[in-house]
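The values are calculated or read from the model by the stated rules, or taken from the named source; none is laboratory data. Predicted model only: the values in this text are computed from it and were never measured. For the accessible areas, the whole protein counts, side chains as well, though only heavy atoms, and no ligand, DNA or RNA atoms are used. Shrake-Rupley method; radii C 1.70, N 1.55, O 1.52, S 1.80 Å.
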Amino acid sequence: MREELTFTIKQITEQIGISEDTTRYYEKIALLPRAERKDNGHRGYRQEDIDTIRLLSCLRKRGCRWEKCDLFWQSLLMLIPRNIPNWWNT
């Protein structure tokens, strides 16, 4: 597993203020890429994943339905290179 995967599901949910179940649900419906597993079998998240969850949470709080969130997200991913960290905060 890559070195950059350093956050646990508990760490990111506490940081963002959503439940672990919500994070797993985002993975299940493919709004969030499947987390890689650490050597101990626990999910490992990158900062990029945290940023993605923050954006999804923001969209959801503003009333975006999942179907529209998914369409928005897929369109955005086609336009924005994923190797630019925190691109929506600049």
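Can you tell me how many residues within segment 19-30 are at pLDDT 90 or above and assigned to a loop (DSSP other than H, G, I, E, B)?
Qualifying residue count for the region: 1.
From the residues in segment 31-69 that are open to solvent by 60 Å² or more (accessible area, probe 1.4 Å) and at pLDDT below 80, which one is nearest to Gln15 (Cα to Cα)?
Once the filter is applied, the top-ranked residue is Arg65.
Is it the case that some residue within segment 4-11 is open to solvent by 80 Å² or more (accessible area, probe 1.4 Å) and at pLDDT below 85? First the steps, then the outcome.
Taking segment 4-11 as the starting set, the residues that turn out to be open to solvent by 80 Å² or more (accessible area, probe 1.4 Å) are 4, 10-11.
If we keep only those that are at pLDDT below 85 too, we end up with 4.
Within segment 4-11 (the criterion being open to solvent by 80 Å² or more (accessible area, probe 1.4 Å) and at pLDDT below 85), the answer is yes, since at least one residue qualifies.
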